[in-house]
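Inspection log for the structure reproduced underneath, given as structure tokens.
Just so it is clear, none of the values below were taken in a lab; they were calculated from the coordinates. Please read these numbers as outputs of a predicted model, since none were measured by experiment. Neighbour counts are summed over all protein chains in view; Cβ atoms, including those assigned to glycine, are modelled from backbone coordinates with ideal geometry.
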Amino acid sequence: MIISRKIVLRFPPDLIDQPIVYRLVKDYNLSFGILRASITPKKEGLLVLELTGKKEDYRKGIDFLSRLKIKIQPLSKDVIRDEDKCTHCGVCIDICPTQAFVLDPKTREVKFDKNKCIACELCIKICPPRAMRVSF
Amino acid sequence: MKTVAEINEKIKKGKAVIVTAEEIIDLAEKKGIKKTAREVDVVTTATFAPMCSSGAYFNIGPTKPKVRLGGGKVYLNDIPCYAGFAAGDFLLGATSLPENDSRNRPYPGEFRYGGGHLIEDLVSGKDVKLEAHTYSTNCYPGEKLSTRINIKGFNEAILFNPRNCYQNYNVAVNLSRETIYTYMGVLKPNLGNAHYCSSGQLSPLLNDPYYQTIGIGTRIFLGGGVGYVAWYGTQHNPGVERTKKGIPKEPAGTLALIGDLKGMKQQWLRGASFLGYGVTLIVGIGIPIPLLNEEICRYAAVKDRDIYAKIVDYSESYPQNKKGNLGKVNYEDLKKGKITIRGRKVPATSLSSYSKAREIAETLKMWIKGGSFLLTEAVEKLPLNVKFKPLKVR
């Protein structure tokens, strides 16, 4: 069975120069899409990946990452919309690079599709009533 | 022909027919203007959009010893207020920022908390910090004041908008090669997007383009409570180019609004931050239009297709106050989410919430139906001969 998951990886500083994603591909037959990558001033790495492969390979790959003391979190919970704060204006729609926001032509309400969200955080600062939040 | 008094009698008897500015469009198309004008008594219009020209003024009662705020400095949650009035009065503006806010540095600034947020906090019942420094007099010996206070602690807390309800507005675009941060939101380079800000066919002054019913003294829905049109708004500019049907093609008339903040709701008064620009207040407004005759009915049946907005470049034309011609576009096309500028397809989104405007128009309809909100006749008409002019710097 092929599975595909979006995950957030946090690398400790000593792993920054290791070819970890390469190992996932080479040793565990996983394919990946990088949704986001950054290194903080304290040299901690943040990598948001969409990881795809056979269920068994995926499990082994995650085990490999855990052994290296990489923190792993699922991405789906990360960007949250505060429904009470959202005014459904629509300025997030054209900022989002993955079209995670769609205006319902009938209700004129903005729908947020979490599955399309890659947690780039662009919407967070531009939302006028600050209805979007991120929590890694 | 009907009068406001006759309509109010029908409202009291529960017999008035009230529809929203959206519903009247279909009615007028099906039944014709004549019949619709006869059958419908009131049309409700609404808008829910950011307006920087919003504020509130407050009065605090005497302390022991008495402190004179007038001429001193007053802060609410570190946000500076204006205190050039008598001892107990001060004014807060939606765009006011704490003195230690880093403003637009690093660029673009985030503007997380300002006057608009403070007004929202007060309406929601939160405690805020009130601080004042002033000079001592024989009758007001106190020099300092520091206390927690919430909206109930003020004698008066009055929302006031020197300008709101813009009759139509610009469609903002960016012709430059860099992203720009404006009060119309983030505009992407090379015509990357277009932002507009009007509820179009639901917008109050677009449904009464020559101000035949909306005037000074008109009772309205303001921030979830009851308010009034206090005056014509600043920058009121009714003389702009209009369509054959009388609809202004660019920003035109405006309203000054006033109402008791204590009766308002957080849901309809929201502080907002515009990245790289500043803080503002999103204000919910609903205005009833009494259908006194066929002409008023015809205007109130206006639809998005017949309302045109001017496309303005915010990278050069707007900031430098230069004329530019990028054409005009109607709200039906804007609401489809894609418009054509210089032969290019440009995604269009709104700063004004249409779904919330719809909710306000429905709420006002229910208020009137329930008999708790009667219509008013304007005390004075809004002027048609006032002009908005650029400043001559001498």
**Prompt:** Quick one: which of B:Lys338/B:Lys389; B:Lys322/B:Lys345; A:Lys106/B:Lys244; B:Lys31/B:Lys356; B:Lys31/B:Lys328 span more than 26 angstrom between C-alpha atoms?
**Reply:** B:Lys338/B:Lys389; A:Lys106/B:Lys244; B:Lys31/B:Lys356; B:Lys31/B:Lys328
**Prompt:** For segment A:20-53 and segment A:66-94, what is the separation of their C-alpha centers, rounded to whole Å?
**Reply:** 19 Å
**Prompt:** Which lysines have a Cα lying under 26 Å from the Cα of A:Lys43, excluding residues fewer than 8 positions away in the same chain?
**Reply:** A:Lys6, A:Lys26, A:Lys69, A:Lys71, A:Lys77, A:Lys125
**Request:** Would you work out if segment A:79-134 is rounded, prolate or oblate? Take a ≥ b ≥ c from the square roots of the eigenvalues of the alpha-carbon gyration tensor; rounded if a/c is under 1.5, else prolate when a/b is larger than b/c, oblate otherwise.
**Result:** oblate
**Fill in**
Of B:Gly32, B:Gly200, B:Gly337, the most mobile residue in a GNM of chain B (C-alpha springs, cutoff 10 Å) is B:Gly32
**Message:** Out of all Cα-Cα pairs in segment A:1-96, roughly what percent, to the nearest whole number, are more than 16 Å apart?
**Reply:** 61 percent
**Sequence-distant aspartates and glutamates (8 or more away, or on other chains) whose Cα lies within less than 15 Å of B:Lys365** = B:Glu22, B:Glu23, B:Asp41
**Request:** Past 32 Å, Cα to Cα, is the threshold; run A:Lys85/B:Lys15; B:Lys35/B:Lys249; B:Lys126/B:Lys381; B:Lys129/B:Lys188 against it and keep the listed order.
**Result:** A:Lys85/B:Lys15; B:Lys126/B:Lys381; B:Lys129/B:Lys188
**Message:** Over all directions, how big on average is the projection of the convex hull of the alpha-carbon atoms in chain B, in square nanometres?
**Reply:** 21.6 nm²
**Message:** To test your reading of the geometry: what angle, between 0 and 90 degrees and rounded to tens, separates the Cα axis of helix A:55-67 from the longest principal axis of chain A?
**Reply:** 80 degrees
**Asked** Rounded, prolate or oblate: which fits segment B:300-389 when a ≥ b ≥ c are the square roots of the eigenvalues of the alpha-carbon gyration tensor, with rounded for a/c under 1.5 and prolate only if a/b beats b/c?
**Response** oblate
**Request:** State, to one decimal in nm, how far the label point of B:Glu362 lies from the label point of A:Lys116, with both points 7 Å from Cα in the Cβ direction.
**Result:** 2.4 nm
**Asked** Past the 19 Å Cα-Cα mark, which pairs from B:Lys303/B:Lys336; B:Lys245/B:Lys310; B:Lys73/B:Lys265; B:Lys335/B:Lys387; A:Lys116/B:Lys335; A:Lys111/B:Lys310?
**Response** B:Lys73/B:Lys265; B:Lys335/B:Lys387; A:Lys116/B:Lys335; A:Lys111/B:Lys310
**Message:** Can you tell me which aspartates and glutamates have their Cα less than 15 Å from the Cα of B:Lys66? Leave out same-chain residues fewer than eight positions away.
**Reply:** B:Asp89, B:Glu131, B:Glu143
**Message:** Pick from B:His133, B:His195, B:His117 the residue whose mean-square fluctuation is largest in a GNM of chain B, springs joining Cα atoms under 10 Å.
**Reply:** B:His133
